[in-house]
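Colleague: Following this message is one structure expressed as structure tokens.
The values are calculated or read from the model by the stated rules, or taken from the named source; none is laboratory data. Note that this is a predicted model, so its numbers are computed, not measured. Using ideal geometry, Cβ is built from the backbone for each residue, glycine included, and neighbour counts are taken over all protein chains shown. These area figures cover heavy atoms from the full protein model, side chains too; ligands, DNA and RNA do not enter into them. Shrake-Rupley method; radii C 1.70, N 1.55, O 1.52, S 1.80 Å.
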Amino acid sequence: MTRCRFFAFLLAVAGCGPQRPTEFTVSGKPLEHWLETIKTGEVPSREKAIAALGNVATADPQVVPALAAALHDSAPSVRGKAALALLKIGPDARAAIDSLTSAAQNDTDPDVRLYASKALAKVQGKE
């Protein structure tokens, strides 16, 4: 009888640990939805995807590279929001340094250059 109680206790304890959701969601949608939308959606959808991914920060290793890639988007508003999302993430967005540097120096939009410069300073710990 003691052995049965011990095994019942082990089974109960094993089920009480932190459970990781099978599908990571952001703003009610799977992360993959936002990662795809940032590349293929219409401008407002891409902006919304950037906002969602900016809130995830580094919870997933795909987020910072996706935001860095968005710095090369055709729409200045998307590029600007991507720079601001990376600014929000800060030093954990080190993988975006090259893209931020390029945007800060070469982007055709002055706001994007400003946002990218501020993000670059924060990411590099100079702010």
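Colleague: Could you list which residues have their amide H under 5 Å from that of V26, counting only those 5 or more apart in sequence or on another chain, with H placed in the peptide plane?
Modeller: HN-HN under 5 Å from V26: L31.
Colleague: I would also like to ask the following. Name the shape class, rounded, prolate or oblate, that the alpha-carbon gyration tensor gives for the stretch 29-111, where a ≥ b ≥ c are the square roots of its eigenvalues, rounded holds for a/c under 1.5, and otherwise prolate holds if a/b is larger than b/c and oblate otherwise.
Modeller: Oblate.
Colleague: Between E42 and I97, what is 0.36 nm times their sequence separation minus the Cα-Cα distance? Round to one decimal in nm.
Modeller: My answer for the length gained is 17.2 nm.
Colleague: Among the aspartates and glutamates, which fall within straight-line cross-link reach of K118, defined as a Cα-Cα distance under 20 Å, with same-chain neighbours fewer than 8 residues apart omitted?
Modeller: E47, D73, D92, D98, D107, D109, E127
Colleague: Pairs to check: K48/K126; K39/K122; K81/K122; K29/K81; K39/K88. Give those whose C-alpha atoms are more than 23 Å from each other in this structure.
Modeller: K48/K126; K39/K122
Colleague: In whole percent, how big is the carbon plus sulfur part of the accessible area of the stretch 22-68, probe 1.4 Å, protein atoms only?
Modeller: 52 percent
Colleague: What's the magnitude of the charge dipole for the stretch 34-100 around its Cα centre, counting Lys and Arg as +1 and Asp and Glu as -1 at the beta-carbon? Answer in Debye, nearest 20.
Modeller: About 120 debye.
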